[in-house]
1. Among DSSP bridges having both ends in the stretch 38-169, what percentage is antiparallel? Round to the nearest 5.
2. For the stretch 102-248, report the convex hull volume of the alpha-carbon atoms normalised per residue, in Å³, without decimals.
3. So if I restrict to the alpha-carbon atoms in the stretch 72-150, what is the Rg, and what is Dmax, the biggest pairwise distance, in Å?
4. On C-alpha positions alone, give me the angle between the axis of helix 132-142 and the longest principal axis of the chain, in degrees, nearest 10.
5. If you average over every viewing direction, what projected area does the convex hull of the Cα atoms of the stretch 162-216 give, in nm²?
6. Using a Gaussian network model on the chain with a 10 Å cutoff between Cα atoms, which of 218, 127, 98 fluctuates the most?
7. What are the semi-axes of the equivalent ellipsoid for the stretch 114-179, taken as the square roots of 5 times the Cα gyration tensor eigenvalues, largest first, in whole Å?
8. Cβ neighbours within 10 Å, averaged per peptide: list 196-207, 54-65 in order, most packed at the top.
């Protein structure tokens, strides 16, 4: 009598865990910075500002790819004389809004085969002082979350409303936060949230979290840092340069 070992059914191939990608909107004019070139390309501590931002993302180690979204016909990016980190690619923005640029960057990831379940960290090109440790903290907080979230800072100052140039009221700040970036959400969910507002020019969408909120989600607030400022005004460059030089 010959004994045969019981057959073992084929096991499905393991599904890889969701990866993280970054989208960097880099299409703004930076008019408030008061310079002849967009602020993201202005020199800062010997390098264009945007390269400091890309370096911070590159030092995280858990971001599989980064898409930089530039203005159509942008001549500044091709003229960069210093190398960019590995894994960085460039696409052109869409509508003349930040949300339109982000939307194009997300669609570019999907067209390249990135699954909708992967995570995307959207980060302002002008936030060059973000620290890799803060990005890691955001990733750790969001990976087990059903929605995702953003770096943010509890409002530290007294908040006033205005009426005709005078104080209208003092507003309770105990539940107020200042939104920062990166903001981290699933690729498919963020595309759907932005697509729902594309027909009206992304009206009311000031960041990715606001798009997710309007889609019925409640993003997670992850404490950020006061150092993660958005370079906006001429005096911000001197502050950013001092911080960067102190780090080096």
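Just so you know, all these numbers are worked out from the coordinates, no wet-lab data involved. Note that the structure is a prediction, hence the values are computed from the model and not measured. When we count neighbours, we look across all protein chains shown, and the Cβ atoms used for this are built from the backbone with ideal geometry, even at glycine.
1. Values: 5 of 10 bridges.
About 50 percent, rounded to the nearest 5.
2. 159 Å³
3. Just the Cα atoms of the stretch 72-150 yield Rg and Dmax of 14.5, 41 Å.
4. 50 degrees
5. Working: hull surface 23.2 nm².
With every direction weighted equally, the projected area is 5.8 nm².
6. 218
7. Numbers: eigenvalues 214, 39, 30 Å².
Semi-axes (√(5λ), whole Å): 33, 14, 12.
8. Details: 196-207: 14.7, 54-65: 17.0.
Packing proxy ranking, top to bottom: 54-65, 196-207.
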